[in-house]
Amino acid sequence: MFSGVPCISTTLAGVPEMITHEKTGLLVAPRSATELAAAMTRLLRDRVLAAALGAAGKSFAHEQFSIEKSVERLRRLLDEHGGRRRPIWSWWW
């Protein structure tokens, strides 16, 4: 997504949280070679759609998963839990 290449994935696990079907990529059913082939063919034939999905995916990835955004979320998480910054191995002691 970060590179602007249109994405095709399955609806397993947390993927639908990252890819919105026909907005930031295409989603297909798990283990469906037929759906996967159809989605690939669709993007190869429709360059306008491929470019639009690639651009939307890239924008979404940069907004949601940039280093700055990740650091911001981590700091917020740490602050919500008392702001104490203990080493990750502190549970061991």
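The values are calculated or read from the model by the stated rules, or taken from the named source; none is laboratory data. All values reported here derive from a predicted model rather than from experimental measurement. Note: ideal-geometry Cβ built from the backbone for every residue, glycine included; neighbour counts use all protein chains shown. Each accessible area value is taken on the protein alone, full model and side chains, heavy atoms only, with ligands, DNA and RNA left out. Shrake-Rupley method; radii C 1.70, N 1.55, O 1.52, S 1.80 Å.
Leaving out ligands and nucleic acids, and using a 1.4 Å probe, what accessible area per residue does the chain come to in Å²? Mind dumping the intermediate values first?
On the way: 7140 Å² over 93 residues.
Per residue, the chain has an accessible area of 77 Å².
Please label the shape of the stretch 3-45 as rounded, prolate or oblate, based on the square roots a ≥ b ≥ c of the eigenvalues of the alpha-carbon gyration tensor (a/c under 1.5 means rounded; beyond that, a/b larger than b/c means prolate, else oblate).
Numbers: a/c = 2.23, a/b = 1.09, b/c = 2.05.
Oblate shape, in that a/c is at least 1.5 and b/c is the bigger or equal ratio.
With θ taken as phi - 60° and the coefficients 6.51, -1.76 and 1.60, list the Karplus ³J(HN,Hα) couplings across the stretch 47-60 in order, rounded to whole Hz; mark glycine and proline as x.
Calculated HN-Hα couplings, in order: 5, 5, 4, 4, 5, 5, 5, x, 5, 5, x, 5, 4, 4 Hz.
Consider the candidate values (1) 15, 34, 22, 16, 10, 2; (2) 13, 22, 25, 16, 13, 7, 3, 0; (3) 18, 53, 27, 2; state which one is P(r) over Cα pairs in 10 Å bins from 0, in percent computed from the structure displayed.
(1)
From the helices alone, meaning DSSP H stretches of at least four residues, give me the mean residue ellipticity at 222 nm for the chain, per-run term -39500 (n - 2.57), in deg cm²/dmol to the nearest 500.
After summing the helix terms and dividing by residue count, I get -17000 deg cm²/dmol.
Note down the relative contact order for the chain as a percent, whole number, built from C-alpha pairs under 8 angstrom at least six residues apart.
Numbers: 91 pairs, mean separation 29.6, N = 93.
Dividing the mean separation by the residue count of the chain yields 32 percent.
How much net charge surrounds PRO6 when only the other residues with a Cβ under 14 Å from the Cβ of PRO6 are counted, with Lys and Arg +1 and Asp and Glu -1? Show your work: numbers first, answer last.
Working: positive: LYS23, ARG42, ARG45, ARG47, LYS58; negative: GLU22, ASP46.
Counting the neighbours of PRO6, the net charge comes to +3.
Using only Cα atoms and rounding to the nearest 10 degrees, what angle (0 to 90) does helix 33-45 make with the longest principal axis of the chain?
Here the helix axis deviates by roughly 80 degrees.
Considering only protein heavy atoms and a 1.4 Å probe, what is the carbon-and-sulfur percentage of the accessible area of the chain?
Values: 4330 of 7140 Å².
So the carbon and sulfur contribution to the accessible surface is 61 percent.
Mind checking the full-extension length gain between ASP46 and ARG75? Use 0.36 nm per residue of separation minus the Cα-Cα distance, one decimal, nm.
On the way: separation 29, 0.36 × 29 = 10.44 nm, distance 4.19 nm.
Between ASP46 and ARG75, full extension yields 6.2 nm more.
Mind ranking ARG42, ARG76, ARG47, ARG31 by accessible surface for me, highest first, 1.4 Å probe? Each step should come with its number before you reach the end.
Numbers: ARG42 90, ARG76 110, ARG47 160, ARG31 240 Å².
Descending order: ARG31, ARG47, ARG76, ARG42.
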